[in-house]
Amino acid sequence: MPRTEPARAGGFTAPVRWGPRWGRPVGKVLDHLVYRTRIHGREHVPAAGPVIFAANHLSYLDGPVMVGAAPRHMHVLVKQEMFSGFLGKVLQYSGQIPVDRSGDRAALTDAKALLEEGRCIGILPEGTRGAGDAAEVSSGVAWLALNSGAPVVPVAVLGTRISGEHRDAIPRPGRIFHVAFGAPQTYRRLPSASGRVSMDTAAEAIRRQLSGHVRRSEAFTGQRLPATPPVTTL
């Protein structure tokens with residue numbers, strides 16, 4: 001019998017397991033027909049087993065571009081405000097996971113269950129579109145890494161927003177993007193340390209892993225993060 005996805009609080013359902021099978025091809029169209037995406041480091045991605053893809057965040061396109069570039073299907077955590085109207089149906093049926101950014105353990109629990117099935121999760125741990133340098137990351141990615149044991153693959157997405165563009169801007173078709181996958185790293189709880197200390201330590205280690213990978217990717221691709229506008233004082 002077909003699997004029925006159980007209802008979640010807030011009217012959302014658990015992630016559609018088969019969704020990424022068609023969601024990834026849509027990402028490939030975006031990467032290679034609408035834009036010109038250059039992909040680096042796919043050999044770093046484990047061929048089997050659970051994986052957490054952790055990417056920097058510049059633009060609305062970062063998640064779909066990462067999905068299309070990855071060598072494996074994935075479910076991506078997406079803010080629940082995006083799950084409305086036609087776009088909401090697309091996100092739902094492509095297997096994405098709605099997240100209440102004010103605090104949502106249900107989304108993390110769903111993601112952990114998928115990892116336990118040997119699936120892949122995509123997360124943008126900066127939480128919102130910004131400088132894309134991973135100066136800060138949320139604790140959610142650390143919780144997933146520690147509680148699932150899945151390796152974290154850092155992903156640098158570059159070119160989806162450039163200097164001078166608004167954070168809400170959608171790039172014109174034909175632009176070159178770069179998606180670089182880094183070496184996986186597994187994180188474990190610290191012996192004799194509290195859960196909070198272990199999580200904070202893992203979050204900082206993941207932040208350094210992603211930030212360093214983004215800097216190295218900037219250097220070898222030649223594509224820089226958007227410049228931060230100078231702060232003016234009155």
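Identify all residues within the range 22-68 that are in a helix (DSSP H, G or I), open to solvent by 10 Å² or more (accessible area, probe 1.4 Å) and hydrophobic (A, V, I, L, M, F, W, C); write none if there are none.
Result: 22, 26, 29, 30, 33, 34, 67.
So which of 79, 89 is loosely packed, with under 15 Cβ neighbours inside 10 Å and at negative phi?
Selected residue: 89, the only one of 79, 89 that is loosely packed, with under 15 Cβ neighbours inside 10 Å and at negative phi.
Determine, yes or no, whether residue 217 is buried (at least 19 other Cβ atoms within 10 Å of the Cβ) and either modelled with pLDDT under 95 or more than 20 Å from residue 128 (Cβ to Cβ) (or both).
yes
Any residue at all in the range 76-85 that's part of a loop (DSSP other than H, G, I, E, B), touching a residue at least 40 places away in the same chain (Cβ under 8 Å), polar (S, T, N, Q) and touching a strand residue (DSSP E or B) at 6+ places or on another chain (Cβ under 8 Å)?
No, that holds for no residue.
Could you look through the range 197-214, keep only residues that are buried (at least 18 other Cβ atoms within 10 Å of the Cβ) and of a type in the set (A, V, I, L, M), and pick out the one that is modelled with the lowest pLDDT?
199
Please list, ordered by first then second residue, the pairs with beta carbon atoms under 7 Å, 6 or more apart or interchain, first in the range 175-186 and at pLDDT 95 or above, second aromatic (Phe, Trp, Tyr).
Every condition considered, the pairs that remain are 175/35; 177/35.
The values are calculated or read from the model by the stated rules, or taken from the named source; none is laboratory data. Bear in mind the structure is a predicted one, so any value in this text is a computation, not a measurement. As a convention, Cβ positions derive from the backbone with ideal geometry for all residues, glycine included, and neighbour counts pool all protein chains shown. Calculation scope for accessible area: heavy atoms of the full protein, side chains included, ligands and nucleic acids excluded. Shrake-Rupley method; radii C 1.70, N 1.55, O 1.52, S 1.80 Å.
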